[in-house]
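Trainee: This is the structure I want to talk about, given as structure tokens.
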Amino acid sequence: MELATSVVAQAQPGEGLEVYVTRGTENEVRAYDGAIESLTSADSSGVGIRVLLEGESGEGSRLGFSWAGSLHPTVVQAALSDARDNARYATPDPDVVLAVPDGTAAVEQDLWDDGVVTTPMDEKIALALELERATRGADSRVRQVSSADYSDARVEVALASTTGIRSSTRRTTAFVSVDAIAGEGADSQTGTGFSVGRAPGQLNPEEAMADAVLRSTRLLGAQKARSGRCTVVFDPRVVSTLLSVVASALSGEAVVKGRSFFAGRVGESVAGTTLTLVDDPTDGRAFSAASYDGEGLACRRNILISDGILRMFVYDTVSARRAQTRSTGSAVRGGFAGTPSAGCRALVLSPGPKSAEEILAEVGEGLYVQSVTGIHSGVNPVSGDFSVGAEGLLIRGGTLAEPVREVTVASTLQRMLQSVVAIGGDLRWLPGVAAGQTLAIADMQLSGD
Amino acid sequence: MAEVFAEDSMTASAMLDDRRVEELSSGRSRGAGIRVVAGETTGFAHTSDLSEAGLLAAAAAAASVARDGGAGVRAVAMSFGPTTGHGRGAKTLPSSVPKSAKLDLLVRADEAARATGGSIRQVQVGCGDSRRRILIANSDGLLAEDDQVRTRFNVMCVANGDTGMQTGYESLARTEGYEIFDRFKVEDIARTAANRALAKLSARPAPSGEVPIVLAGGSGGILFHEACGHGLEADHIVKDASVYAGQMGKLVASPLVTLVDDGTVLGEWGNFAVDDEGNAPARNVLIENGVLTDYMWDWLRARKEGRASSGNGRRQSYQHLPMVRMTNTYLLAGTENAAEIVAQTSSGVYVSKLGGGQVNTTTGDFVFGTTEAYLIEDGHLTEPLRDANLIGNGPEVLRRIDAVADDFDMTPGTCGKDGQSVPVGCGQATLRITGVTLGGTA
């Protein structure tokens, strides 16, 4: 924070400054075949500086940005002068301003667990080695474990601006993951399992192992399925991914720039009446929980869709001004080298009353999807077109049946939201911007044979 | 083996969005990654502190895991090898181009895109450049450096019509300086992106199920990148996590397929003078007339096999460990005529532009997305189709290639693997696959 405020103090008349400083430490262990394949440890730090040149009255202001992967004083000074120079070339714009404290108090959260710091490296290494060993031994059909990883990070962020923003946060994360390959004859199938927490002690390697083994072994013998329309039941992890795509269409920035299929639809029915979607970084159970957004405003609970009706979008300061509204505390930024933009941080779909088993029983016939591919090549958050590769199992007689691979499921995001037939009660907090639970969507096109 | 990888990179970018230059951005990153390999274990640490004390601290952290290595100091003789590249021949360094000149390019493209059709409602134009200087030294006496200059330009358009919004995207990216804009006109890039969005306004849903596919020359080449490129990376092979493991010398594709990975193609997006382990790139033939002839190798995996690296050791930055990566991966051109291939296809789908893709190397199943496609009916292109993914199995799809034309072209892309992104090139001529599953809704 001292560094951030000392740079802010250099602001010249007619100039606004915002300084974002991060410092972090990361460790990563990869185990393979009973040994340590690689061990990485590193400290990293960086600064991102935004300069706002105030224009003549009515003309609007101009923003420039520069970043550097170092906190060395001469490097930071160079970044400041680069950002100043960059600002000179921006288009003057009355909507371009730096965030100003808006009186909303932050929900202070404890996202730091000393366990990441105090756990000896040997114990972290042992976690990865044991995960690899246990996965290899868990099922005779597991013929390979291509990697078993432990990683953790601790990061501190300070943000200060000439408009009075002062926020400082710190968080720790710990993660284990394992990739299993199951084989039977010439057939091989893969499955990934993971567990996340804020310290090594919160991790559940047994669950990661069991998930990787189940997912790889149950796909053995998978075939293409026949093309046709069917109800698709998505696994919680896939639902988290789907919500992250829906999130980009809920960004106020996409909306004001005409790049969202939700534009102009606030107050209208956009989803089944049972669907309520909330972005709530103030819920400490969310892996991506945060007290402050990427501009230093308090994060808040935003109800985006309730009972199927689109209620609002998420905004950062600039997109809010363009939409003639206020920031929803939803600025996100990709570290010190990124600038803030409007985005969701911790989406949660309100859980329904049924378990995954009950949903399968109710659906009766259809496809259960445990993983998808091609989210970035086959889903267009502007048009809503949706087409992804899928692996999973057929649903027959209300239970999981034969495994399926090399098929796609397709629809449009608009239609999928309207066709939600069941939302599971099995909410899981997952890494990324959304939690997940079992979700059934009717009338999707399955493409296979 | 101990290795120091030092990197100094500068990037700059500008974006014109909704007719406004919202922000010019620039950044600087400098640091070193230190790798110590003892037996089967790699220790790695990186630092932005390039003082002797900072480097020694990183070295100690990297070496801490190498417990079975002999301690001590060993002097290593070093000299620059013959493969050393000094600069990539960039004629106009991006840093020498005034920012106002870069913005002029953006404005020209924006105007050209909007002039393409009244239905174009949103245009986002970006340009960016980077200069990356690297130096690699290792305890085998290798010493090499490179100076890589890259320049890119991209246009994204949104068109609004009765049936909603559609997008069109086009990019230019070369391992060169701003002289690329003497040969390539930004207006052409903009019009291509705009026309792509406009064509889709009248698009019908793509078919569902297995159909013959004709891929246009230079439509992306992502087919080979996903269908076999990743599966031929030796790190997947040595872990038996690729459908191509154990297939050396066997027929894995149609005899029409000769696939090359080649980091030496000057100016292409995946070009460099030395890879991120200090080795020279090479023209590596991976599949020759359908027969698997080699995999791609970095230093670590090549060492296990007692062979040399093929110049495919790459990393995103000094903060990352190197691994096996593609460079410019392309299918050699055939002899047929592209128009005739379409004319000889009674029904199917013509893909003029592909988006990204993804592969599971173990099963060989892969997807790749269309961003501009048309129905083929009686040998003619008819209606435009909405975006969809195609799904196939690598070896099966490669065997189904029954025609390759002579209209070869390359396209740039960004390849992601294990959390690291590197620039790559993809190339191919017009070709036909007798059947691939298209994931449409119709």
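Trainee: Collect the residues in the range A:30-44 that are more than 7 Å from every other protein chain (Cβ to nearest Cβ), small (Gly, Ala, Ser) and surrounded by fewer than 21 Cβ atoms within 10 Å (Cβ to Cβ), keeping them in residue-number order.
Mentor: A:Gly34
Trainee: Taking the range A:71-88 as the search range and keeping residues that are among the small types (Gly, Ala, Ser) and either surrounded by fewer than 20 Cβ atoms within 10 Å (Cβ to Cβ) or more than 11 Å from chain B (Cβ to nearest Cβ) (or both), which one is farthest from A:Arg50 (Cα to Cα)? Talk me through it step by step, then tell me what you get.
Mentor: Looking only at the range A:71-88, we keep the residues that are among the small types (Gly, Ala, Ser), and these are A:78-79, A:81, A:83, A:87.
From what is left, the residues that are either surrounded by fewer than 20 Cβ atoms within 10 Å (Cβ to Cβ) or more than 11 Å from chain B (Cβ to nearest Cβ) (or both) are A:78, A:81.
Details: A:Ala78: 13, A:Ser81: 11 Å.
Looking at residues that are among the small types (Gly, Ala, Ser) and either surrounded by fewer than 20 Cβ atoms within 10 Å (Cβ to Cβ) or more than 11 Å from chain B (Cβ to nearest Cβ) (or both), I get A:Ala78.
Trainee: Return the total of residues in the range B:249-282 being touching a helix residue (DSSP H, G or I) at 6+ places or on another chain (Cβ under 9 Å) and more than 19 Å from B:Gly311 (Cβ to Cβ).
Mentor: So the count comes out to 5.
Trainee: Separate question: Select, from A:Ala440, A:Ala410, A:Ala435, the only residue that is out of contact with any helix residue (DSSP H, G or I) (no Cβ under 6 Å at 6 or more places or on another chain), more than 22 Å from B:Val367 (Cα to Cα) and crowded, with 24+ Cβ neighbours inside 10 Å.
Mentor: A:Ala435
Trainee: Report, by residue number, each residue of the range A:89-124 that is under 25 Å from the mean Cα position of the chain (by Cα), of a type in the set (A, V, I, L, M), surrounded by 13 or more Cβ atoms within 10 Å (Cβ to Cβ) and not in a loop (DSSP other than H, G, I, E, B).
Mentor: A:Val116
For every residue, the table says whether it meets (1) touching a Gly at 6+ places or on another chain (Cβ under 9 Å); (2) polar (S, T, N, Q).
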{"residue": "A:Leu111", "(1), (2)": "yes, no"}
{"residue": "A:Leu127", "(1), (2)": "no, no"}
{"residue": "A:Glu132", "(1), (2)": "yes, no"}
{"residue": "A:Arg141", "(1), (2)": "yes, no"}
{"residue": "A:Asp149", "(1), (2)": "no, no"}
{"residue": "A:Ala153", "(1), (2)": "yes, no"}
{"residue": "A:Thr163", "(1), (2)": "yes, yes"}
{"residue": "A:Thr169", "(1), (2)": "no, yes"}
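Trainee: Just wondering, is there one or more residues in the range B:321-331 that are of a type in the set (D, E, K, R), within 14 Å of another protein chain (Cβ to nearest Cβ), surrounded by 20 or more Cβ atoms within 10 Å (Cβ to Cβ) and in contact (Cβ under 8 Å) with a residue 40 or more places away in the chain?
Mentor: Keep residues of the range B:321-331 that are of a type in the set (D, E, K, R), which gives B:325.
Filter again for within 14 Å of another protein chain (Cβ to nearest Cβ), leaving none.
Within the range B:321-331, none of the residues are of a type in the set (D, E, K, R), within 14 Å of another protein chain (Cβ to nearest Cβ), surrounded by 20 or more Cβ atoms within 10 Å (Cβ to Cβ) and in contact (Cβ under 8 Å) with a residue 40 or more places away in the chain.
Trainee: How many of the residues making up the range B:23-46 are farther than 22 Å from B:Ser96 by Cα and either in contact with a Lys or Arg (Cβ under 6 Å, 6 or more places away or on another chain) or within 7 Å of chain A (Cβ to nearest Cβ) (or both)?
Mentor: Initial filter on the range B:23-46 (farther than 22 Å from B:Ser96 by Cα): B:31-46.
Pick out the ones that are also either in contact with a Lys or Arg (Cβ under 6 Å, 6 or more places away or on another chain) or within 7 Å of chain A (Cβ to nearest Cβ) (or both) and you get B:31, B:40-46.
The qualifying residues number 8.
Trainee: So, one more: For A:Arg322, indicate whether it is over 20 Å from A:Ser244 (Cα atoms), more than 24 Å from the chain's Cα centre (by Cα) and of a type in the set (Lys, Arg).
Mentor: Numbers: over 20 Å from A:Ser244 (Cα atoms): yes; more than 24 Å from the chain's Cα centre (by Cα): yes; of a type in the set (Lys, Arg): yes.
The answer is yes for A:Arg322.
Trainee: Given the criteria free of Cβ contacts under 8 Å to residues at least 60 places away in the same chain, more than 7 Å from every other protein chain (Cβ to nearest Cβ), farther than 15 Å from A:Tyr89 by Cβ and buried (at least 18 other Cβ atoms within 10 Å of the Cβ), does B:Val4 qualify? Talk me through it step by step, then tell me what you get.
Mentor: Details: free of Cβ contacts under 8 Å to residues at least 60 places away in the same chain: no; more than 7 Å from every other protein chain (Cβ to nearest Cβ): yes; farther than 15 Å from A:Tyr89 by Cβ: yes; buried (at least 18 other Cβ atoms within 10 Å of the Cβ): yes.
In short, no.
Trainee: Can I ask one more? Checking B:Arg399 against (1) within 12 Å of chain A (Cβ to nearest Cβ); (2) closer than 25 Å to A:Glu391 by Cα, only one condition comes out false. Which one?
Mentor: Every condition holds for B:Arg399 apart from (1).
Trainee: Kindly indicate whether B:Thr430 is out of contact with any Cys (no Cβ under 7 Å at 6 or more places or on another chain) and buried (at least 23 other Cβ atoms within 10 Å of the Cβ). Give the steps one after another, and end with the answer.
Mentor: Numbers: out of contact with any Cys (no Cβ under 7 Å at 6 or more places or on another chain): yes; buried (at least 23 other Cβ atoms within 10 Å of the Cβ): yes.
Taking the combined requirement at face value, the residue satisfies it.
Trainee: Let me ask you something else. Just one of (1) assigned to a strand (DSSP E or B); (2) touching a Lys or Arg at 6+ places or on another chain (Cβ under 7 Å); (3) not aromatic (Phe, Trp, Tyr) trips up B:Arg196, so point out which.
Mentor: Condition (1) is where B:Arg196 drops out.
Trainee: Within the range B:355-363, can one find any residue that is away from chain A (no Cβ under 12 Å) and out of contact with any Cys (no Cβ under 9 Å at 6 or more places or on another chain)?
Mentor: No; the residues of the range B:355-363 include none that is away from chain A (no Cβ under 12 Å) and out of contact with any Cys (no Cβ under 9 Å at 6 or more places or on another chain).
Trainee: Right, next: Suppose we keep only residues that are surrounded by 24 or more Cβ atoms within 10 Å (Cβ to Cβ) and of a type in the set (Gly, Ala, Ser) within the range A:321-342. Which one would you say is nearest to A:Ser260 (Cα to Cα)?
Mentor: Here the residue is A:Ala342.
Trainee: If I filter the range B:129-144 for residues that are among the basic types (Lys, Arg) and either within 14 Å of chain A (Cβ to nearest Cβ) or closer than 19 Å to B:Cys415 by Cβ (or both), do I get at least one hit?
Mentor: Start the filter on the range B:129-144 by keeping residues that are among the basic types (Lys, Arg), which leaves B:131-133.
Narrowing further to those that are either within 14 Å of chain A (Cβ to nearest Cβ) or closer than 19 Å to B:Cys415 by Cβ (or both): B:132.
Yes: the range B:129-144 contains one or more residues that are among the basic types (Lys, Arg) and either within 14 Å of chain A (Cβ to nearest Cβ) or closer than 19 Å to B:Cys415 by Cβ (or both).
Trainee: For the range A:349-399, what are the residues that are surrounded by 21 or more Cβ atoms within 10 Å (Cβ to Cβ), away from chain B (no Cβ under 14 Å) and under 25 Å from the mean Cα position of the chain (by Cα)?
Mentor: Scanning the range A:349-399 gives A:Leu349, A:Gly352, A:Tyr368.
Trainee: Which condition does B:Met1 not pass, out of (1) within 28 Å of the chain's Cα centre (by Cα); (2) hydrophobic (A, V, I, L, M, F, W, C); (3) at pLDDT below 95, if it passes all the others?
Mentor: All conditions pass for B:Met1, except number (1).
For (1) surrounded by fewer than 24 Cβ atoms within 10 Å (Cβ to Cβ); (2) within 14 Å of chain A (Cβ to nearest Cβ), each residue gets a yes or a no:
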{"position": "B:Leu198", "(1), (2)": "yes, yes"}
{"position": "B:Gly220", "(1), (2)": "no, yes"}
{"position": "B:Gly229", "(1), (2)": "no, no"}
{"position": "B:Tyr244", "(1), (2)": "yes, yes"}
{"position": "B:Val274", "(1), (2)": "no, no"}
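Trainee: For the range B:156-180, give me each residue that is buried (at least 19 other Cβ atoms within 10 Å of the Cβ) and away from chain A (no Cβ under 14 Å). First the steps, then the outcome.
Mentor: The first filter runs over the range B:156-180 and keeps only residues buried (at least 19 other Cβ atoms within 10 Å of the Cβ), leaving B:156-159, B:165-168, B:170, B:172-178, B:180.
Those that are buried (at least 19 other Cβ atoms within 10 Å of the Cβ) and away from chain A (no Cβ under 14 Å): B:Glu170, B:Leu172, B:Ala173, B:Arg174, B:Thr175, B:Glu176, B:Gly177, B:Tyr178, B:Ile180.
Trainee: State yes or no: is A:Arg405 touching a strand residue (DSSP E or B) at 6+ places or on another chain (Cβ under 9 Å) and surrounded by fewer than 18 Cβ atoms within 10 Å (Cβ to Cβ)? Don't jump to the end; show me each part of the working.
Mentor: Values: touching a strand residue (DSSP E or B) at 6+ places or on another chain (Cβ under 9 Å): yes; surrounded by fewer than 18 Cβ atoms within 10 Å (Cβ to Cβ): no.
So A:Arg405 fails the test.
Trainee: Failed condition for A:Gly284, given (1) at pLDDT below 95; (2) surrounded by 21 or more Cβ atoms within 10 Å (Cβ to Cβ); (3) within 17 Å of the chain's Cα centre (by Cα), with all others met?
Mentor: Unmet condition: (2).
Trainee: I've got another one for you. Return the residues of the range B:306-357 that are in a strand (DSSP E or B) and either of a type in the set (Lys, Arg) or under 24 Å from A:Ser38 (Cβ atoms) (or both); say none if nothing qualifies.
Mentor: B:Gly313, B:Arg314, B:Met323, B:Val324, B:Lys353
Trainee: Moving on to the next point. A:Asp122 fails exactly one of the following numbered conditions: (1) under 30 Å from B:Ala12 (Cβ atoms); (2) within 14 Å of another protein chain (Cβ to nearest Cβ); (3) of a type in the set (Asp, Glu). What is the number of that condition?
Mentor: The failed condition is (1).
Trainee: Please specify each residue of the range A:152-183 satisfying the condition of being closer than 21 Å to A:Val196 by Cα and touching a helix residue (DSSP H, G or I) at 6+ places or on another chain (Cβ under 9 Å).
Mentor: A:Asp152, A:Ala153, A:Arg154, A:Thr172, A:Thr173, A:Ala174, A:Val176, A:Ser177, A:Val178, A:Asp179, A:Ala180
Trainee: Let me ask you something else. Which residues, taken from the range B:121-154, are among the aliphatic types (A, V, I, L, M) and either outside any strand (DSSP E or B) or closer than 18 Å to B:Ala12 by Cβ (or both)?
Mentor: Going through the range B:121-154, the residues among the aliphatic types (A, V, I, L, M) turn out to be B:123, B:125, B:134-137, B:142-144, B:149.
Those that are among the aliphatic types (A, V, I, L, M) and either outside any strand (DSSP E or B) or closer than 18 Å to B:Ala12 by Cβ (or both): B:Val125, B:Leu142, B:Val149.
The values are calculated or read from the model by the stated rules, or taken from the named source; none is laboratory data. Just so it is clear, the structure is predicted and the values come from calculations on it, not from any experiment. In this analysis, Cβ positions are derived from the backbone assuming ideal geometry, glycine residues included, and neighbour counts consider all displayed protein chains.
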